Amino acid sequence: MSDNNTLRLPAEKLYEHEIKALVENEKGKIPTGWQMSPQSVLTYITGGKAGKTKITPKYIGNKRLVEIAIATLLTDRALLLIGEPGTAKSWLSEHLTAAINGDSTNVVQGTAGTTEEQIRYSWNYAMLIANGPSQDALVKSPVYRAMESGGIARFEEISRCSSEVQDALISILSEKNISVPELNYEQSARKGFSLIATANTRDRGVNEMSAALKRRFNIIVLPTPGDINTEIEIVRKRVDEMAVNLDLEAALPTDEAVAKVVTIFRELRSGMTLDSKEKVKPPSGVISTAEAISLLANSMALAASFGNGKISNEDIAAGLQGAIVKDEEKDKLVWKEYLDNVLKKRGSEWRELYNACKEMNR
Amino acid sequence: MSQLMGKNMTPHIFGIRHLSPGGAYHLLKFLDEIKPTAVLIEGPADTNSQIEHFTAAGTELPIAVLAYTEELPVRTMFYPFAEYCPEYQALLWAKKNNVYAQFIDLPSEVFLRLEYVNQITPETPNGVQADQSDDVPQGSITTGEDRTESVYQLWAHLAGEDDHDTYWERNFEHNLNKDAYRLSASEFGRSLRELSCDSREEHLRTLLREAYMRSQIQNTIRNGHEPDKIVVITGAYHAPVLGAEYPPMTDEEFASLPRVKTKLTLMPYSYYRLSSRSGYGAGNQAPAYFAMMWNCLINNDRDRLSAEYLSSIVRYLRDSGTPRSAAEVIEGVRLANALAGLHSDSVPALQDLRDAAITCLGHGELSGIAQAIVATEVGTAIGRLPEGVSRTSIQDDFYRELKRLKLDKYRSAIAADLELDLRENRRVKSKEAAYLDLNRSFFLNRLKILNVCFQKKKSNKEAALWYEEWVLQWTPEAEIQLVEATLMGETIELATAYAFKERLDNSSAIADAAAIIRAACECGMPESMEYARSVLQKLAVDTGALEEIAQAVFDLSVVISYGDIRKFDSSHLIPLLEQLFLRGTLLLLNASYCDNNAAASIASAIHRLNAVALEHYTIVDEELWLNTLAQLAECDDRNPKLSGFACAILLERNRVSNEELSQEVARRLSPGIEADLGAGWFEGLSMRNRYALLTRMPLWQYIAEYVASLDNEQFKRALVFLRRAFGEFSLVEKRNICENLAEIWGINHNQVSEHLNEALSPEEEQTVAELNDFDFGDI
């Protein structure tokens, strides 16, 4: 199964020991189809202790939102997580399923090319032609499999799919079964079945979800991190984890570097300096927390491969350039303006970073 | 309870939280069980005289006790009650069972003096003659109130809740088991006493209040009530220390406490105010929600609460046009229950319900249902007191005035019109009757200054100084506002004077001061006017803004014109008007260097000054004013709109001959001059009386010649600004222009109107469409 060469382990493998500790120390009542009580799921996501094992927090920020998400799944309703890109929607959905059933791999990735078969079932055509319709020839979709096992299916980026495909979910969510007319068979969902979908607010209006489908979801809007300290904490934690996963042989970014990157990101995102005194033009692309994380990991890779193993201001500047300037013409102006109007006046600690960024834009 | 009768001097003590429906519910059960002969309640002892009014027929809650100091600076104390207050329910119970009921906290005269002891003697915080100052823990001296607040917060966090209100609701309001509330509240109070760290003053105050409450309890026992037939209802914090094991305050000690003269009254209150004044201990952010809870509790149907809360939101949403289904309410209730389950609670708390509403009814976003949530949680209920109960001195004054001015009948919930003729009524005999309407006007204007929403002035259609139209409508809110006005003065007149003084002391612009002079004149208050005049004079010295000066001049001139009608002497305002007008005149030319945005306000300033010049030509230097206008009209470098405007005024005044006008038009429109200069000037010119323009044939003659002299390209350019200049003319006026031009070109009137009424021919449409391609470039 998994050895050290897997690039990305699913959450239930990555945090196997934590889940195990939680299950072993379970004191609450476990709902049917779940592997631990709702309180333990909450602990798994927001951090705490299980017996002697320390549980690391997976979602930092609004604990109440996690509570609402768990409560939704308790009431056999489907859950829809909405938010800006990079607000940990998929991350939260993966960890929720990992904690609730220990299997986060029933995923449908929504794209413009997703078809109804990927939500319901399709056929192994060779077998279908050879033997006619049979259970063996049936290729089950992740949703089908989740129904069978009483687990939770995940549907990523639901609003990227066309409306016809989205609407295939309506009957699944209200009837809680999938019928296979070819076999004269109906697969009913076992207790514990549910669905977590994620959607992007930037995609709003691309394939607007129908009211009928929306009504079958409890909708939670995930916010961008409320204050700078939360965001710094999130970035630091994730960068640490990635460094271990990817075997990056560079020193972790200093607190100061993280704080600087997060400050720049927050200011550009909100269109205002942190002290709300100056307006800033926001760039065209999304500048999410997730981007700040990958930027720093990227800088670490740069430092490890081409530098002295320590993240320099030049590495960060290169990362910033790539993250912020997505549309060459417009964003470059925005970035230059920000550099000269805001960063330049920030005093000596910012001087080197400013110089490095300025150098790139010559 | 007490086996050793007579020895145990401790009565039953029921610790509560003010405004707690659960507390009220348990308290009623407890009272029914103990059947006390005396009910003692935490609350200012001087409220005792008002107890009968709490429970009188015709009283509707919420109401509040308002105590205030008689002397300046006015200090106040509000003590609001809602229907679900344990204290109020105790009073109701006592009345029903004919039982002795009393408030036992320090009277307001001591309380208000102590409350502000800090401000009174800032250097010596020990100014209080506290008999138990030894009890104060030394560590708490430097700490403030926020520390105690953080104890509440910390406590809630330890219990896994976000805030204290939710903690309290889950642990106290939801537990309906017998005695659960009383025992846990008492335990809560005990722990809080150990943890809280109020400031030294705060702590001393608390100790004094508790000692006084103990003395009142012991007095009650001495008056013949058995200790175990007494129930004391007090905040959970005080509950542990009211027993006989602590010393009561002696009469001498009480007599030695500092005092300040106070008055106390009941007043109607509203849920809105209840929610906006919420302190951390009061738990009244959502008065309507708690009222809903109380109704469910007394009907023994608490499970109804979730459904009722969510349905009420849905009802609001539907009424405002957002459809939401019953299925969504059902899902909301289920989600709320699941959320409560996560906190090991049997029923959802307000926070759970609100989050469920956001998730299921708001589709994840608060903004869509925020109004519905506020309507459901805060509500609009307004209290009511029987006639004559709530009588502060200002209310007495108000009702006296109503009677004197024969306005009684207007004090109703139905809006009624009132027309006033401010002139002397010569057909009646008494002086009072002759000026009845004038005095009414003074009275209503004073109420306006005090922000009492009893009256609304209609805009004056006839623009006559002696005529006013009002709409009068009485609301409970107005009564509340009236009571609050007490804080400014004993009578309506005094309060108004105080309000004026306060506004004047804070005003830094002369326009404000002038507005106050005018308002004071409308209120018939010469002293305030005189004070405002002196303030205005001081401010006027260094004001250089034309708009402000014009506004002030205008207000002053209105006041001076009022003179006779409102019966006061305006002579001392005249020099001020003269001086300000002169300043305005001198500033005009410089102020006219401006862009078109600023020009609008300068134009209205010119308009005002001109109106004053017309009305008070005997006072102000009219000649200088007109000369200045003439200068402005001729200028090429000032804002052209303003030059045009000045020219229009001069036209009205007949200061410009036809010859001069056509000269000016010619100059402005001559080829080679910038288009803007001509167009802007025309715009300004047409901002005033357009008929004065329409009747000046030579003007049109010249325009006709000008248009004829243009070549095609120039014509298109000219078309743009001519259109802009005449764009604001009405249809009739445009027709008049056409007829004027037709006359010049020698065409018959009828032909013109015929042609204008025809639809555009295809060729004409083509020509118009071609104009769309015109490059506006620099225009």
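The values are calculated or read from the model by the stated rules, or taken from the named source; none is laboratory data. As the structure is a prediction and not an experimental result, all values here were calculated from the model. So basically every Cβ, Gly included, is an ideal-geometry build from the backbone, and we count neighbours across all protein chains shown.
Quick notes
- Condition met for A:Ser294 (part of a helix (DSSP H, G or I), over 24 Å from the mean Cα position of the chain (by Cα), surrounded by fewer than 20 Cβ atoms within 10 Å (Cβ to Cβ) and among the hydroxyl-bearing types (Ser, Thr, Tyr)): no
- Tabulated pairs, the stretch B:477-493, first free of Cβ contacts under 8 Å to residues at least 40 places away in the same chain and in the same structural domain as B:Phe398 (by TED's automatic domain parsing), second of a type in the set (S, T, N, Q) and surrounded by fewer than 22 Cβ atoms within 10 Å (Cβ to Cβ), C-beta under 8 angstrom, 6+ apart or interchain: B:Gln481/B:Asn451
- Scanning the stretch B:51-86 for residues that are hydrophobic (A, V, I, L, M, F, W, C) and either part of a strand (DSSP E or B) or buried (at least 20 other Cβ atoms within 10 Å of the Cβ) (or both) yields B:Phe54, B:Leu61, B:Ile63, B:Ala64, B:Val65, B:Leu66, B:Ala67, B:Met77, B:Phe78, B:Phe81, B:Ala82, B:Cys85.
- Among residues of the stretch B:303-326 that are away from chain A (no Cβ under 14 Å), those with a beta-carbon under 7 Å from a residue that is outside any helix (DSSP H, G or I) and among the charged types (D, E, K, R) at least six positions away or on a different chain give the pairs B:Leu317/B:Arg324; B:Arg318/B:Arg324.
- Which numbered condition B:Met529 misses (of (1) outside any helix (DSSP H, G or I); (2) crowded, with 18+ Cβ neighbours inside 10 Å): (1)
- The stretch B:633-648, residues that are in contact (Cβ under 8 Å) with a residue 40 or more places away in the chain, buried (at least 17 other Cβ atoms within 10 Å of the Cβ) and either more than 16 Å from B:Ser601 (Cα to Cα) or basic (Lys, Arg) (or both): B:Arg638, B:Lys641, B:Ala648
- Residues that are closer than 24 Å to A:Lys176 by Cα and free of Cβ contacts under 8 Å to residues at least 24 places away in the same chain within the stretch A:124-136 comprise just one, A:Asp136.
- Residue within the stretch A:265-275 that is more than 14 Å from chain B (Cβ to nearest Cβ), surrounded by 17 or more Cβ atoms within 10 Å (Cβ to Cβ), part of a helix (DSSP H, G or I) and of a type in the set (A, V, I, L, M, F, W, C) present: yes
- Residue within the stretch A:65-86 that is at the interface with chain B (Cβ under 9 Å from one of its Cβ atoms), surrounded by fewer than 17 Cβ atoms within 10 Å (Cβ to Cβ) and either in contact with an Asp or Glu (Cβ under 8 Å, 6 or more places away or on another chain) or of a type in the set (Phe, Trp, Tyr) (or both) present: no
- Evaluation of A:Val221 against (1) in a loop (DSSP other than H, G, I, E, B); (2) within 14 Å of chain B (Cβ to nearest Cβ) (one fails), failing number: (1)
- Taken over the stretch B:174-195, residues that are among the polar types (S, T, N, Q), farther than 16 Å from B:Val232 by Cβ and assigned to a helix (DSSP H, G or I) amount to 2.
- Taking (1) without any contact (Cβ under 8 Å) to a residue 24 or more places away in the chain; (2) farther than 30 Å from A:Ala211 by Cβ in turn, B:Gly341 satisfies each apart from (2).
- Unique match (being surrounded by fewer than 21 Cβ atoms within 10 Å (Cβ to Cβ) and modelled with pLDDT under 85) among A:Glu233, A:Glu182: A:Glu233
- Within the set B:Ala356, B:Ala336, B:Ala349, the sole residue that is touching a helix residue (DSSP H, G or I) at 6+ places or on another chain (Cβ under 8 Å), of a type in the set (Gly, Ala, Ser) and more than 9 Å from every other protein chain (Cβ to nearest Cβ) turns out to be B:Ala349.
- Some residue of the stretch B:371-387 being facing chain A (nearest Cβ under 10 Å), within 25 Å of B:Trp168 (Cα to Cα) and either touching a helix residue (DSSP H, G or I) at 6+ places or on another chain (Cβ under 8 Å) or β-branched (Val, Ile, Thr) (or both): no
- Within the stretch A:13-53, considering residues that are part of a helix (DSSP H, G or I) and aliphatic (A, V, I, L, M), the one nearest to the other protein chains (Cβ to nearest Cβ): A:Leu42
- Test: residue in the stretch A:115-134 that is hydroxyl-bearing (Ser, Thr, Tyr) and closer than 30 Å to A:Thr289 by Cβ: no
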